[in-house]
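Structure record follows, encoded as structure tokens.
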Amino acid sequence: MRTPIIAGNWKMNNTVSQGLSLVEELKPLAEGSRAEVVVCPPYTALHPVGEALQGTNIRLGAQNLFWQKSGAYTGQISGPMLKDVGCDYVILGHSESRGRFGVEEEGMTEDLSQVFGDTDASVNRKAHAAFEHGLTPILCCGETLAERQAEATDAIIARQVQQALQGFSADQVRQIVIAYEPVWAIGTGEVCESGEANRVCGHIRSTVESLHGSEAAQAVRIQYGGSVKPDNAAELLGQEHIDGALVGGASLKANDFAAIVNAAR
Ligand code: 13P
């Protein structure tokens, strides 16, 4: 039996005081949940939010890391730094960190993959660094709308998963969380239909099986992410291959996030 995992990706939202209010509201609502619950604040709020979560069932995650332990890497945050402030999880390879945004913002005309430069290779290096420092990666994959329309979804997902998992043992892969986040469903309100989300998550599981064997494939937890809301969570979480959710917008409201957590019962 795979324990469901519901993670809230706050993205670039919440100051320290806003983050603390949110988790204070969330704590009683998430108590006794059957799912593992994770919140991923921005770097600036990790330490205080982590302290506020001590003694609760809510775990702390970060939204990225850099693979070096320390050094002259201005603006970067390392695995040991995240561990030091109490993180257990780290989101890696999110489409937004790869510069693949679902909603194009007005005025953002440059090639954003040059600004937010994660690639399959950097995601793999980051995942190895996460393990080295005792953090569990939440590895994101997902196709853009153009890739889906070109019927390239399965090939893109297989490539992203295969490259992200390079060099890991089957035992490590069992512990990893993979998040299927179709780029066109992120922040758009356009959720992937549950049957199709389940099909792609099943494809991820088969990809893991072909690389690391059936035991690892059965153990690995696969989340769906992209416009998960209280009113569609139960349907998505009821699918065979969907073991949890990676939640953006709805994780910023305690009641909505708790409703999604409780839909995993
Ligand atoms: P939304 O739930 O806002 O669509 O974001 C999903 C996401 O990107 C989580 O990482």
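Using alpha carbon coordinates only, what is the Rg to Rh ratio of segment 219-265, with Rh defined as the Kirkwood radius? Don't skip to the answer; put the middle values down first.
Details: Rg = 9.9 Å, Rh = 10.5 Å.
We get a ratio of 0.94 for segment 219-265.
Largest GNM mean-square fluctuation across GLY167, GLY102, GLY61, computed for the chain with C-alpha springs under 10 Å, falls on GLY167. Protection proxy ranking of 154-164, 241-251, by the mean of other Cβ atoms within 10 Å over each peptide's residues and highest first, is 241-251, 154-164.
Given the DSSP H assignment, sum -39500 (n - 2.57) over each helix run of at least 4 residues in the chain and divide by its residue total; what's the result at 222 nm in deg cm²/dmol, nearest 500?
Working: 11 runs with 110 residues, N = 265.
-12000 deg cm²/dmol, from helical runs alone.
Which shape class applies to segment 148-192: rounded if a/c is under 1.5, otherwise prolate when a/b exceeds b/c and oblate if not, where a ≥ b ≥ c are the square roots of the Cα gyration tensor eigenvalues? Intermediate results must be reported in sequence, preceding the final value.
Values: a/c = 4.02, a/b = 1.78, b/c = 2.26.
In terms of gyration-tensor shape, oblate.
Carbon-plus-sulfur accessible fraction, segment 37-136 (probe radius 1.4 Å, protein heavy atoms only): 49%. Normalised by the number of residues in segment 97-232, the mean separation of alpha-carbon contacts (under 8 Å, six or more apart) gives a relative contact order of 26 percent.
For segment 134-203, the Cβ-based charge dipole about the Cα centre amounts to some 260 debye (Lys, Arg positive; Asp, Glu negative; other atoms uncharged). Annotation: per residue accessible area for the chain equals 44 Å², rounded to a whole number [probe 1.4 Å, protein chains only].
Reducing segment 201-259 and segment 9-48 to their Cα centroids gives an inter-centroid distance of 19 Å. Taking amide hydrogens as placed 1.01 Å from N in the peptide plane, the amide H of GLY244 sits under 5 Å from those of ILE5, TYR224, each at least 5 positions away in sequence or on another chain. Projecting the Cα atoms of ASN198, ALA121, ALA62 onto the dipole axis of the chain, where Lys and Arg carry +1 and Asp and Glu carry -1 at the beta carbon, places ALA62 farthest toward the positive end.
Evaluate the Kirkwood expression for the hydrodynamic radius of the chain, namely the inverse of the mean inverse distance over all pairs of different C-alpha atoms, and round to one decimal in Å.
Details: mean 1/r = 0.0547 Å⁻¹.
Result for the chain, one decimal place: 18.3 Å.
Under a model in which nothing but the beta-carbon of Lys, Arg (+1) and Asp, Glu (-1) is charged, the chain shows a dipole of about 720 debye around its Cα centre.
In terms of the ratio Rg/(2.2 N^0.38 Å) built on C-alpha atoms, what value belongs to segment 108-207?
Working: Rg = 14.3 Å, N = 100, 2.2 N^0.38 = 12.7 Å.
Dividing the Cα radius of gyration by 2.2 N^0.38 Å gives 1.13.
The relative contact order of the chain comes to 21 percent, based on Cα pairs under 8 Å that sit 6 or more residues apart. Under the criterion of Cα pairs below 8 Å and six or more residues apart, the relative contact order for segment 155-259 equals 31 percent.
I'd like to compare 179-188, 219-228, 121-130, 63-72: which one has the highest average count of other Cβ atoms within 10 Å, and what's the full order after that?
Details: 179-188: 23.4, 219-228: 25.3, 121-130: 20.5, 63-72: 15.4.
Packing order, densest peptide first, comes out as 219-228, 179-188, 121-130, 63-72.
For segment 43-151, the normalised intensity computed at q = 0.16, 0.18, 0.20 Å⁻¹ comes to -0.79, -0.94, -1.07 (log10 of I(q)/I(0), Debye sum over alpha carbons, equal scatterers, no solvent).
Computed from phi, the 3J(HN,Hα) profile of segment 204-216 under the Karplus parametrisation 6.51, -1.76, 1.60 (θ = phi - 60°) reads 4, 5, 5, 4, 4, 4, 5, 8, 10, x, 6, 5, 5 Hz, with x in place of Gly and Pro.
The values are calculated or read from the model by the stated rules, or taken from the named source; none is laboratory data. Bear in mind the structure is a predicted one, so any value in this text is a computation, not a measurement. In this analysis, Cβ positions are derived from the backbone assuming ideal geometry, glycine residues included, and neighbour counts consider all displayed protein chains. Keep in mind that these areas ignore ligands, DNA and RNA; they rest on the heavy atoms of the full protein, side chains included. Shrake-Rupley method; radii C 1.70, N 1.55, O 1.52, S 1.80 Å.
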